[in-house]
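**Student:** Before I ask anything, here is the structure I am working with.
The values are calculated or read from the model by the stated rules, or taken from the named source; none is laboratory data. In this text, all values refer to a predicted model and were calculated from it rather than measured experimentally. Because the Cβ atoms are built from the backbone with ideal geometry, glycine has one as well, and the counts that use them run over all protein chains shown.
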Amino acid sequence: MAIFASYSSDGFLPPQVLPYLAGLEPLTKAIVVVCDNDLMPGERERLESFATHVITGRHGEYDFGSYKRGWAWANENGLLVDADDLILCNDSCFGPVGSFKPMFDQMEARHLDFWGATDSHQFNYHLQSYWMVLSRNVFSSDAFKQFIEGIKEQENVQMVIQEYELGLTKKLIEAEFKAGALVENTIKGSHPEDPTTANISIYPLYTLEAGLPLVKAKALRIPHMNIDGQNRLLAWLKENAPEVFKVAVSDIDIARSEDADNVSFSLIMPTRNRAWCIKEAISSVVTQTHKSFELIIIDDGSTDNTKEVITQHFKENLAKGQIRYIHLPESVGVCNARNIGLAHARNPWIGYVDSDNTLRSYFLTTIANSVIKNPGSDAFYGQIINTSTGKVIGRRFERKPLMEGNYIDLGVFIHRKTLSDEFGGFDPSLKRMVDWDLIIRFTKNKDPIFLPRIFLDYSDEQCSDRISVKESFIGAKVAIHRKYAVKPTISTAIITYNHQNFLVEAIESALAQEGDFTHEILLSDDGSIDGSARIVNYYANKYPNIIRNISRSGNFGISDNYKHCFRQAAGNFVAILEGDDYWTDPRKNIKQAEFLSTHREAAMVFSKISLFDMKSNSHRLLKRQFGLKHLLSGKEFSENAHLNLIVNLSSTMYNRDTVRHSLPSSIYSPRISEITLAFYFDRIGKKIGFIDDVMSVYRLNPHSVWTGADRISQARQAIAIRENTLKIAKPTYRSIILRQLEEKLKQLTFLENEKISKIGAA
């Protein structure tokens with residue numbers, strides 16, 4: 001006998017129910033149908049032509065609750081007394097394809113105690129519960145009785161699977177009953193953690209040809225639940241099981257999948273010197289089960305034998321126009337290469353293939369069926385798997401997390417060509433994460449459809465010409481966040497030369513910064529001859545997702561090192577931290593960034609500092625920084641006896657564009673100075689912000705450029721800085737700066753004479 005579980009949200013029987021029951025009838029003496037819903041008028045009568053008994057009414061315990069109710073009624077009414085087998089099945093399938101009898105003949109020959117249509121090793125070994133057959137010794141056992149009577153409502157379907165689908169097989173095997181499946185899942189993935197192989201039901205053509213006379217309804221209705229393709233499955237049914245086909249296409253949502261063959265793709269593959277791997281990548285395209293596509297290969301000036309590999313191995317595809325090969329005489333970069341591919345694309349749907357990745361054969365088929373299923377959508381994407389680690393990347397679409405970090409791989413992203421017309425192509429100004437940038441723009445107005453299925457195999461085997469190897473991750477992330485104003489983006493530039501005794505404290509204080517901002521730390525060692533370079537390398541390797549080592553070989557001087565850092569900075573804001581100083585406030589950066597965000601008139605902001613005198617091992621504050629306004633101009637600096645209210649650059653933060661693009665070269669001569677910067681910003685009409693908090697420590701290091709210099713050298717530095725400031729400052733301050741310059745010249749003369757006198761006396 002059979003217990004058949006059914007559910008419909010509207011009270012009408014799904015189209016597959018009556019043909020399924022008609023297929024069961026020759027095998028059974030009784031069928032109990034249990035509907036987890038009330039039926040509309042006339043529907044019960046349709047069932048009663050096949051069913052011994054019909055039970056209706058919402059119980060909410062899913063199929064196992066229906067099995068429980070059917071078993072109880074059959075038991076009470078003596079239907080199990082003479083039964084040889086108990087079939088548990090449900091309306092989740094169309095069928096039978098042909099007859100159920102061959103399946104019974106095959107499985108009875110194996111002398112199993114209980115068996116299923118298919119099995120699964122997901123979580124634990126179990127028979128899938130949409131079709132199970134229990135022999136008399138099983139369904140009359142205490143183990144089965146305890147199980148079936150213990151079924152109750154669960155919180156969700158996942159709990160039903162864990163408790164009952166997995167639980168039934170486990171319970172019966174523990175009772176020493178022998179189990180098996182008609183179609184055993186022996187499919188292997190690219191990695192043991194590959195989830196694509198967990199559910200054999202998503203391979204309907206495979207199971208049909210293995211003798212299973214059932215087709216899961218989900219495989220006909222949901223694109224990602226059928227990697228053979230709904231259109232290809234319908235074509236098979238039309239030829240091999242016309243009655244099942246007729247029932248299936250009576251549902252318009254299923255019938256429309258026949259149009260998936262008409263969905264056409266243009267796939268764009270940029271490449272440069274990838275002869276060693278491109279053959280496998282191209283092969284993964286030309287072996288797609290969906291055939292309506294063109295592959296446009298943009299050879300970005302390769303100097304190896306890439307052209308020969310393509311023309312030798314894919315002659316037929318090139319001749320048919322399925323592959324179009326465009327060779328550029330010189331490299332234009334991956335963004336421009338892809339944009340050239342977009343310009344040549346002939347089809348309405350666009351995809352991208354990297355020459356060192358491989359697509360799975362069902363990728364385009366699944367997308368094509370999804371396009372038909374979702375006619376109003378503009379973009380689709382799926383998942384990729386790292387074949388080395390088994391890590392799967394790709395998740396349900398949410399805009400806010402996408403702006404935080406990319407989880408959509410370009411290799412499994414398909415979009416309408418019209419999106420590139422509307423939003424433009426790839427941004428050549430970005431060095432990395434250009435795919436993230438494109439996806440942010442293309443999903444701005446409409447959410448893409450996520451298909452939870454792996455479409456691409458990716459290896460993390462590093463090759464030196466990969467952008468992900470050559471270009472900084474954190475620098476690219478900061479650039480994207482800056483472009484879309486996701487949150488403040490801050491580049492902390494740590495400038496160091498022979499600071500091995502202090503550098504760790506500086507870096508750690510930068511790493512300790514807190515707040516909702518995107519942070520990159522630039523470490524730039526200026527050819528240190530102590531252990532500073534080793535410290536820089538250690539931290540860059542330990543924290544690759546926040547620290548970039550931008551050091552160059554050689555000693556370029558402090559001003560050139562500053563200029564280098566400003567050029568490399570990707571953030572909206574640039575904070576300075578010299579390698580022998582450190583920050584004491586973990587919210588220093590976010591406070592200063594928020595200040596600059598709300599005071600657009602300010603080019604920079606600084607904070608109070610604590611001076612740490614290494615000789616006396618003591619800290620002190622500067623009186624000149626007490627009582628300052630929150631916005632300052634050259635006037636306030638000119639009124640100070642030192643012309644300097646900032647004192648230490650490690651307390652400062654700047655708008656990136658101001659220091660990266662608009663600082664004249666004279667700012668850096670003879671060396672960059674707080675004084676010169678202040679009067680320059682005043683000159684261009686910008687204010688200087690001040691936060692009245694002590695947030696950093698200026699170490700009076702006896703080996704630094706200023707503190708470590710003797711009084712004569714300090715005087716000469718002060719003169720050179722003021723001479724340069726005189727050229728930069730507004731004429732308003734000329735007389736004040738000249739007066740200070742004269743005083744410094746007098747001081748230098750005095751110090752030099754004093755030195756001569758001491759030498760003479762000696």
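**Student:** Name every residue in region 491-523 that is farther than 20 Å from Val697 by Cα and either in the same structural domain as Asn406 (by TED's automatic domain parsing) or in contact with a strand residue (DSSP E or B) (Cβ under 7 Å, 6 or more places away or on another chain) (or both), in order of residue number.
**Tutor:** Phe517, Thr518, His519, Glu520
Yes/no per residue for (1) surrounded by fewer than 19 Cβ atoms within 10 Å (Cβ to Cβ); (2) out of contact with any helix residue (DSSP H, G or I) (no Cβ under 6 Å at 6 or more places or on another chain):
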{"position": "His313", "(1), (2)": "yes, no"}
{"position": "Leu318", "(1), (2)": "yes, yes"}
{"position": "Gln322", "(1), (2)": "yes, yes"}
{"position": "Val334", "(1), (2)": "no, yes"}
{"position": "Ala337", "(1), (2)": "no, yes"}
{"position": "Ala368", "(1), (2)": "no, no"}
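**Student:** Grab the strands (runs of 3 or more DSSP E) fully contained in region 1-103, keeping just those with 1 or more residues being farther than 17 Å from Ala117 by Cα and among the aliphatic types (A, V, I, L, M).
**Tutor:** 31-35, 53-55
**Student:** Follow-up. Cβ-Cβ below 8 Å, separation at least six or inter-chain, first residue in region 18-38 and in contact (Cβ under 8 Å) with a residue 60 or more places away in the chain, second in a helix (DSSP H, G or I) and of a type in the set (A, V, I, L, M): which pairs?
**Tutor:** Pro19/Val244; Pro19/Val247
**Student:** Only residues that are under 17 Å from Ser669 (Cα atoms), touching a residue at least 60 places away in the same chain (Cβ under 8 Å) and assigned to a helix (DSSP H, G or I): list them for region 716-736, please.
**Tutor:** Residues satisfying the conditions are Arg722, Thr725, Lys727, Ile728.
**Student:** Quick check: anything in region 701-715 among the hydroxyl-bearing types (Ser, Thr, Tyr), in a helix (DSSP H, G or I) and within 27 Å of Gly571 (Cα to Cα)?
**Tutor:** no
**Student:** Here is a further query. Among the residues of region 558-591, which ones are of a type in the set (S, T, N, Q), within 33 Å of the chain's Cα centre (by Cα) and not in a helix (DSSP H, G or I)?
**Tutor:** Listed by number, the list holds a single entry, Asn572.
**Student:** Would you be able to tell me the number of residues in region 510-534 that are surrounded by fewer than 22 Cβ atoms within 10 Å (Cβ to Cβ) and not in a loop (DSSP other than H, G, I, E, B)?
**Tutor:** Selection size over region 510-534: 3.
**Student:** What single numbered condition from (1) outside the structural domain of Asn347 (by TED's automatic domain parsing); (2) in contact with a Pro (Cβ under 8 Å, 6 or more places away or on another chain) fails to hold for Ala255?
**Tutor:** Among (1) outside the structural domain of Asn347 (by TED's automatic domain parsing); (2) in contact with a Pro (Cβ under 8 Å, 6 or more places away or on another chain), Ala255 violates only (2).
**Student:** Considering each residue of region 1-13, count those that are surrounded by fewer than 17 Cβ atoms within 10 Å (Cβ to Cβ) and not hydroxyl-bearing (Ser, Thr, Tyr), and give that number.
**Tutor:** Residues in region 1-13 being surrounded by fewer than 17 Cβ atoms within 10 Å (Cβ to Cβ) and not hydroxyl-bearing (Ser, Thr, Tyr): 3 in total.
Rundown of residues vs (1) farther than 23 Å from Asn498 by Cα; (2) touching a Lys or Arg at 6+ places or on another chain (Cβ under 9 Å); (3) not charged (D, E, K, R), yes/no style:
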{"residue": "Ser662", "(1), (2), (3)": "yes, no, yes"}
{"residue": "Arg683", "(1), (2), (3)": "yes, yes, no"}
{"residue": "Met695", "(1), (2), (3)": "yes, yes, yes"}
{"residue": "Asn724", "(1), (2), (3)": "yes, no, yes"}
{"residue": "Asn753", "(1), (2), (3)": "yes, no, yes"}
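**Student:** How many of the residues making up region 452-484 are modelled with pLDDT under 85 and either touching a Lys or Arg at 6+ places or on another chain (Cβ under 6 Å) or closer than 22 Å to Thr652 by Cα (or both)?
**Tutor:** 3
**Student:** Of all residues in region 259-305, which are assigned to a helix (DSSP H, G or I) and either among the basic types (Lys, Arg) or in contact with a Phe, Trp or Tyr (Cβ under 8 Å, 6 or more places away or on another chain) (or both)?
**Tutor:** Within region 259-305, Lys279, Ile282, Val285, Val286 qualify.
**Student:** Here are some conditions: (1) at pLDDT below 95; (2) assigned to a helix (DSSP H, G or I); (3) surrounded by fewer than 21 Cβ atoms within 10 Å (Cβ to Cβ); (4) touching a Phe, Trp or Tyr at 6+ places or on another chain (Cβ under 9 Å). Ile187 meets all but one. Which one does it not meet?
**Tutor:** Only one criterion is unmet by Ile187, namely (2).
**Student:** For region 190-202, does any single residue satisfy the condition of being assigned by TED's automatic domain parsing to the domain that holds Ala235, part of a loop (DSSP other than H, G, I, E, B) and within 17 Å of Gly116 (Cα to Cα)?
**Tutor:** Taking every residue of region 190-202 in turn, at least one turns out to be assigned by TED's automatic domain parsing to the domain that holds Ala235, part of a loop (DSSP other than H, G, I, E, B) and within 17 Å of Gly116 (Cα to Cα).
**Student:** If I ask for residues that are surrounded by 21 or more Cβ atoms within 10 Å (Cβ to Cβ) and more than 42 Å from the chain's Cα centre (by Cα), which ones from region 98-142 would you list?
**Tutor:** Within region 98-142, Phe100, Met103, Phe114, Val133, Leu134, Val138, Phe139 qualify.
**Student:** Please list, ordered by first then second residue, the pairs with beta carbon atoms under 9 Å, 6 or more apart or interchain, first in region 677-690 and under 10 Å from Ser633 (Cβ atoms) and in the same structural domain as Tyr654 (by TED's automatic domain parsing), second among the charged types (D, E, K, R) and buried (at least 24 other Cβ atoms within 10 Å of the Cβ).
**Tutor:** Ile688/Asp682
**Student:** Mind checking whether some residue in region 316-326 is modelled with pLDDT of 95 or more and over 17 Å from Ser266 (Cβ atoms)?
**Tutor:** yes
**Student:** Within region 616-623, does at least one residue satisfy the condition of being without any contact (Cβ under 8 Å) to a residue 60 or more places away in the chain, outside the structural domain of Lys744 (by TED's automatic domain parsing) and either on the phi > 0 side of the Ramachandran plot or part of a helix (DSSP H, G or I) (or both)?
**Tutor:** Scanning region 616-623, I find at least one residue that is without any contact (Cβ under 8 Å) to a residue 60 or more places away in the chain, outside the structural domain of Lys744 (by TED's automatic domain parsing) and either on the phi > 0 side of the Ramachandran plot or part of a helix (DSSP H, G or I) (or both), so the answer is yes.
**Student:** Now for a separate question. Which residues, counting only those in region 629-658, are under 40 Å from the mean Cα position of the chain (by Cα), over 16 Å from Phe595 (Cβ atoms) and among the β-branched types (Val, Ile, Thr)?
**Tutor:** Passing the criteria: none in range.
**Student:** Out of the residues in region 647-675 that are hydroxyl-bearing (Ser, Thr, Tyr) and part of a loop (DSSP other than H, G, I, E, B), which is surrounded by the most Cβ atoms within 10 Å (Cβ to Cβ)?
**Tutor:** Ser673
**Student:** Could you name every one of the helices (runs of 4 or more DSSP H) located completely within region 327-414 that has at least 3 residues being in contact with a Gly (Cβ under 8 Å, 6 or more places away or on another chain)?
**Tutor:** Ranges flagged: 334-344, 363-373.
**Student:** Given the criterion over 16 Å from the mean Cα position of the chain (by Cα), surrounded by fewer than 20 Cβ atoms within 10 Å (Cβ to Cβ) and in contact (Cβ under 8 Å) with a residue 60 or more places away in the chain, identify the matching residue among Lys431, Lys446.
**Tutor:** Of the residues listed, the single one that is over 16 Å from the mean Cα position of the chain (by Cα), surrounded by fewer than 20 Cβ atoms within 10 Å (Cβ to Cβ) and in contact (Cβ under 8 Å) with a residue 60 or more places away in the chain is Lys446.
**Student:** With respect to Ala210, determine if the residue is surrounded by 20 or more Cβ atoms within 10 Å (Cβ to Cβ) and either modelled with pLDDT of 95 or more or over 37 Å from the mean Cα position of the chain (by Cα) (or both).
**Tutor:** No.
**Student:** Still on this structure, please answer the following. On the basis of being surrounded by fewer than 16 Cβ atoms within 10 Å (Cβ to Cβ), at pLDDT 95 or above and touching a strand residue (DSSP E or B) at 6+ places or on another chain (Cβ under 7 Å), does Arg69 make the cut?
**Tutor:** Against the criterion (surrounded by fewer than 16 Cβ atoms within 10 Å (Cβ to Cβ), at pLDDT 95 or above and touching a strand residue (DSSP E or B) at 6+ places or on another chain (Cβ under 7 Å)), Arg69 does not qualify.
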